[in-house]
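The structure appears below as C-alpha cells.
Computed from the coordinates by the stated procedures, all read-outs in this text should not be read as laboratory data. The shown structure was predicted, so the numbers you read here are calculated from the model rather than taken from an experiment. Here Cβ is always computed from backbone atoms with ideal geometry, including for glycine, and neighbour counts include all displayed protein chains.
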C-alpha cells in the first residue's frame, strides 16, 4: 500500500510537489528559528551563569541586598569552611569562590607619570588550580588574543579593547587603585600576561581577570569572598534540582538575625533571569503552535485545491465501488507520506542551517560598539536534539490535519449523482 | 493701582535686602571657615556596617588652589599622600611608589571608604564665590538660633548644585548643612558641632558627614589641632613632596 502511494506521489508531481515545498519551508523555518533562539537566548543565559550568577550563588544577606554595587565590605567571611561544607553536602555541584571588584587602572609612562587611565571591572577567580575548572568555564584559553595565561602571582589578564585603548602590551606593568574590604585605599602593581576578547562588549572594554589569592591579599579579604558560585557538574542548569539545593541550604540560616549570614540565590532568581528563562522556554512552544495553525490552514487550502483537481478521480473510484472510508484513508496515508518527505527535507535544511550558524554565527560587532550589556557580538544558533522533532512532528501533523479537513468533502459525494457529475 | 505698584516696589526692595543679608551672612561664615592658610591634624571615624575605622591625617591648605594631605595612620594608610593644585588631584601610594592623578568621575568616589568624596576634600573656595544665597527661615538647633539659607550655584564647577545651611546667628558658623544635586536629590547631610573659638574665630571641631545614599552612621571628621594663617613652606605644594 505504502509502496503504491509512494509511486503515485513520485509519478504525479502535481499531487505532491507544492505540499512538499510548503511543508519543507515551514519545517525549515521552525527549526532555523528555534535553533537561532536556542543559541542567542541560551547563550545569554550561559554567559550570565558562567560570568555572573552561577547556577546558584551564595552571598552574605547584606551583600545580596546591594549586589549591583559590588559591596565587598559586606562580603562573606569564613568562606573556606562554607565551601568545604558545600562540597561535602552537595557533591554533585562544583563550588568556587569569586571576588568582583572595581577600581581604576593606571598605566605608567617612562617618567613615572600616567600614559593612560580607565575604570576597570575585575573578576578574581582561581587561575592556578590544577583542574583549571574556572579557566575552562570562562573559556579563557579560547578568549586569549595575545600573550598567555598568568603563571605567577600578580600577573593579570586584561580586555583586549581595554589594552588597545590604553596602548598596553604584554609584559607591561599597570597599577590598580581601589578600595579594600575595610574601606582603605589600596594600590597594586600587576603585570599583563595576556589580553582577552570574549566578544562581550561590556567586558572587553574594561575587564581585568586576576587570581583570587592576589586579590584577597590586595583587598584584605583573607578567607573572604564576595560570592560562592555553584555549577552542576555537566555545566547545564536544571532549575528544579537547583531549587531543592537552594531550599535546603537557606533553611539552615532561616532564623539567623545576622545580616552577614549566607543566603543562596539560584540563577532564576538573579538579574531578572526568571522571566527571561520562562520566555526562552515558551518561545519554542509558541513557534510550534503558530506553525501548526498556519500550516494547517495553508495545507487545508492546498488539500482543497488538490481535492478539486482530483474531483473526477475520486468520483470514478466511488463509481467503481471503492468505499468512501477507504478513499479517505488512502488520502491520509498519502498526506502522511508527503508530510514525512517534506518534514525530512525541511528538517535536513533546518539542521544544516543551524549547524552553519552555530559554526560561523552572525557578527553584529559593528552594531554593538557602544553597548554596555553583557551580550555576545557574534550571534550563533545552537543545535539540540529537540530540533530533530520540533519541526518534523508538526510538519506531518499539519499536512495530515489539512488533508483530513479537505478530505471530508469525499463523504459529501452522492453516488446517485456521480454519473451525472462525471458526465458519463 | 498705586497701592499695587508700591507693594511690588516694597517687596522687591525687601527681597534685595534679604539677599543682601544672606550674602552678608555667608561672607561672615567664610570669614570664620576660610583662612589664607590652614594646617589641620584630624581624625576620621568611618562607621562601617562591620566595624569602625579611624584614619588620622595632616593637611596643609593655602588659599583655594593648594592643598596637601598626608595620612598618618592606620598602617595600611600611612604614607599615602594627596596633593591638590587648582582642579587637579594626585595621590601617592608608598606601597607601589606611584603617583596617580585622579580626574572626572573618580573625584566623586569615597575617600578611604568614608562619606566624603575627593571633591569634598578639594573644595576650599569661599561660598560667596560659588553660590547665591537667600534667607528662607529661622530654626533653633541645640538651643542655638539659626538662619536657614538656601544657596544656589552661580558657577558650573561645583560639587553640589544647591545647599541648605543653618547658620548660628551669633557665631556665624553653620551648624547643619544639606547638600543637593541639580535634580534636587539630597546627597549628603553634614552636622557641625563642638564649636570653639580658635585664633579669634569660631570653628566646628567635629563634623559628621552622612552620604544619604549609603547606610550607616556616616563619617565623623574630628579636628585634633588646627592652625590658621601659619606660613607653609612652598615645597609642600609640589609634586616632589609626594614621594618624600
Report, in degrees rounded to the nearest 10, the 0 to 90 angle that the Cα long axis of helix A:2-11 makes with the longest principal axis of chain A. 90 degrees
Over all distinct alpha-carbon pairs, what is the Kirkwood Rh of chain B in angstrom? 19.4 Å
In terms of the alpha carbon gyration tensor, root eigenvalues a ≥ b ≥ c, rounded if a/c is under 1.5 and otherwise prolate when a/b exceeds b/c or oblate, region B:27-84 is oblate
For chain B, calculated [θ]222 nm from helices alone, where every DSSP H run of n ≥ 4 adds -39500 (n - 2.57): -5500 deg cm²/dmol
So, how do all the Cα-to-Cα distances of region A:216-302 break down into 5 Å bins, in percent, from 0 on up? 3, 10, 12, 15, 14, 12, 9, 6, 5, 4, 3, 3, 2, 1, 0
Which distance in nm do the two modelled labels at residue A:289 and residue A:253 give, with both placed 7 Å along the Cα-to-Cβ direction? 4.0 nm
Where the eigenvalues come from the Cα gyration tensor of region A:56-236, what are the semi-axes √(5λ) of the equivalent ellipsoid, largest first, in whole Å? 28, 19, 14
What the Cα atoms of the protein assembly as shown span along the principal axes, largest first and in whole Å, is 128, 86, 53
Calculate the mean, over all residues of peptide A:103-114, of how many other protein chain Cβ atoms lie within 10 angstrom of the residue's Cβ. 3
Cα long-axis angle, helix B:2-33 against chain B (0 to 90 degrees, to the nearest 10): 20 degrees
Semi-axes of region A:1-118's equivalent ellipsoid from the Cα gyration tensor, sqrt of 5 times each eigenvalue, largest first, rounded to whole Å? 58, 26, 12
Let's test the formula: R0 of 35 Å, r as the Cβ-Cβ distance of residue B:194 and residue B:129. What FRET efficiency results, to the nearest 0.05? 0.85
At 222 nm, what value in deg cm²/dmol follows for chain A if DSSP H runs of at least 4 each add -39500 (n - 2.57) and the sum is divided by all its residues, to the nearest 500? -16000 deg cm²/dmol
How big, in percent, is the set of alpha carbon pairs in region A:239-281 lying more than 15 Å apart? 51 percent
Over all directions, average the projected area of the Cα convex hull of region B:105-244 and note it in nm². 10.5 nm²
Roughly what would the spin-label model give for residue B:31 and residue B:236, points 7 Å off Cα along C-beta, in nm? 2.5 nm
Which value, in nm² and rounded to one decimal, describes the direction-averaged projected area of the C-alpha convex hull of region A:240-369? 16.1 nm²
